[in-house]
Amino acid sequence: MKDFAGRRCQPLPAGTPALDTAAVEARLKGFPGWTCEEGALRKTFRFADWPRTLLFVNAVGWIAQEEDHHPDLHVGYDRCTVAYHTHSVGGISDNDFICAARIEHLFE
């Protein structure tokens, strides 16, 4: 994860290949709790209550704007599921792992 935490997302034009399954699986080893499901990098974060969940959601939104790479979020009272995939490549890219690393740093 440390390899990704200091990096910034890069524009990936249409036609750029997505990471293959082996590359995604290799990267996931450094991202505890993250999975690849339905073509997206995904993790559910749990919180004690709604205010903490909402603070997390807003912080993830700030990261998304800074990186110009926006996740799908599913928000509940005490949890938020974050799902990243890169539309322009039709799958998972290093940009998804960069944002996941930034979110992990935030969550710590």
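A few comments on the model shown:
- In the full protein context, the chain carries 58 Å² of accessible surface per residue, based on a 1.4 Å probe and ignoring ligands, DNA and RNA.
- Size of charge dipole - the chain - debye, nearest 20, with Cβ of Lys, Arg +1 and Asp, Glu -1, no other charges: 220
- Positive contributions from Lys and Arg (+1) and negative ones from Asp and Glu (-1), summed over other residues with Cβ under 10 Å from the Cβ of A83, come out at -2.
- When the alpha carbon coordinates of region 1-53 are projected onto the principal axes, the ranges are 42, 23, 22 Å, largest first.
- For the set W62, W34, W50, the ranking by accessible area, highest first and with no ligand, DNA or RNA atoms included, is W62, W50, W34 under a 1.4 Å probe.
- ³J(HN,Hα), Karplus 6.51/-1.76/1.60, whole Hz, each residue of region 55-65, x for Gly, Pro: 4, 4, 4, 5, 5, 4, x, 5, 4, 4, 5
- Radius ratio Rg over Rh of region 47-107, counting only Cα atoms, Kirkwood formula for Rh: 0.98
- Put C36, C9 in order of accessible area, highest first, and with a 1.4 Å probe you get C36, C9.
- Ellipsoid semi-axes in whole angstrom, largest first, where each is sqrt(5λ) of the Cα gyration tensor of the chain: 23, 14, 13
- Taking all protein chains together and a 1.4 Å probe, the residues D20, D94 rank D20, D94 from largest to smallest accessible area.
The values are calculated or read from the model by the stated rules, or taken from the named source; none is laboratory data. Just so it is clear, the structure is predicted and the values come from calculations on it, not from any experiment. Don't worry about glycine lacking a Cβ; one is built from the backbone with ideal geometry, like all the others, and counts go over all protein chains shown. In case anyone asks, the SASA skips ligands and DNA or RNA and just uses the protein heavy atoms, side chains included. Shrake-Rupley method; radii C 1.70, N 1.55, O 1.52, S 1.80 Å.
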